[in-house]
Amino acid sequence: TYTYTTTNSQGCDSVATLNLTVKTASTSNTTVSVCTTSLPYVWNGTNYTASGTYTYTATNSQGCDSVATLNLTVKTTSTSTTNVSICPSTLPYVWNGTNYTASGTYTYTTTNSQGCDSVATLNLTVKTTSTSTTNVSICPSALPYVWNGTNYTASGTYTYTTTNSQGCDSVATLNLTVKTTNIVTGK
């Protein structure tokens, strides 16, 4: 309260009183960290999708400015992709503690160092092995029978293993039959 004394037009004291109230402005600071999966972040009716410092000005209950500040940090999610091609002989394929036995796309979700989703993707291709069977029946006069660089002289089932065009096992089977000869004697 302030007073001002002067003389009025009639020569008497004139006292003016000022009752001054200084209202206060208000401020606030909000610090938020969110993962990208939580976007948009809504604050005071506005959507925010990027890290930054944002202000919102309104009028407080006293009729003065109210300035609110948002310090927004958008944390990142992480992703990774692993491409694997394997032969069936190496199954199961173990990835992130799980056994996989068939071709397919698999995902594994965990939490990264920022506390956000970390999505790992496995693209697994199980290549094929190949097999073949050869059935041969021959006379003893055709022996030895040569198959894949090896001589065979007796009936039996034989296998030859090599690598196919996909880099996996290729198993060839030979079923060899040596016919018997009949000896006919004349009288």
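The values are calculated or read from the model by the stated rules, or taken from the named source; none is laboratory data. As the structure is a computational prediction, the values presented were derived from the model and not from experiment. In this analysis, Cβ positions are derived from the backbone assuming ideal geometry, glycine residues included, and neighbour counts consider all displayed protein chains. For accessibility, only protein heavy atoms count, side chains too; no ligands or nucleic acids. Shrake-Rupley method; radii C 1.70, N 1.55, O 1.52, S 1.80 Å.
Going through the range 108-141 one residue at a time, which ones are of a type in the set (D, E, K, R) and farther than 28 Å from Q166 by Cα?
D117
Suppose we filter the range 71-95 for residues that are open to solvent by 60 Å² or more (accessible area, probe 1.4 Å) and either within 30 Å of S51 (Cβ to Cβ) or touching a Cys at 6+ places or on another chain (Cβ under 8 Å) (or both); how many remain?
Residues in the range 71-95 being open to solvent by 60 Å² or more (accessible area, probe 1.4 Å) and either within 30 Å of S51 (Cβ to Cβ) or touching a Cys at 6+ places or on another chain (Cβ under 8 Å) (or both): 5 in total.
Please give the number of the condition G167 fails out of (1) in a loop (DSSP other than H, G, I, E, B); (2) over 30 Å from T90 (Cβ atoms); (3) open to solvent by less than 70 Å² (accessible area, probe 1.4 Å).
Checking G167 against (1) in a loop (DSSP other than H, G, I, E, B); (2) over 30 Å from T90 (Cβ atoms); (3) open to solvent by less than 70 Å² (accessible area, probe 1.4 Å), the one that fails is (2).
When you scan the range 1-91 for strands (runs of 3 or more DSSP E) that lie fully inside it, which ones turn up with 3 or more residues that are closer than 30 Å to S130 by Cα and within 47 Å of the chain's Cα centre (by Cα)?
Ranges flagged: 78-86.
Here's a check for you: in the range 111-149, which residue that is free of Cβ contacts under 8 Å to residues at least 24 places away in the same chain and within 30 Å of V84 (Cα to Cα) is surrounded by the most Cβ atoms within 10 Å (Cβ to Cβ)?
Only one residue fits best here, namely T111.
Which is open to solvent by 50 Å² or more (accessible area, probe 1.4 Å) and in contact with a Leu (Cβ under 7 Å, 6 or more places away or on another chain), of Y152, Y158, Y108, Y100?
Exactly one of Y152, Y158, Y108, Y100 is open to solvent by 50 Å² or more (accessible area, probe 1.4 Å) and in contact with a Leu (Cβ under 7 Å, 6 or more places away or on another chain), namely Y158.
Among the residues of the range 43-68, what is the count of those that are within 29 Å of T111 (Cβ to Cβ) and surrounded by 10 or more Cβ atoms within 10 Å (Cβ to Cβ)?
Total satisfying the criteria: 9.
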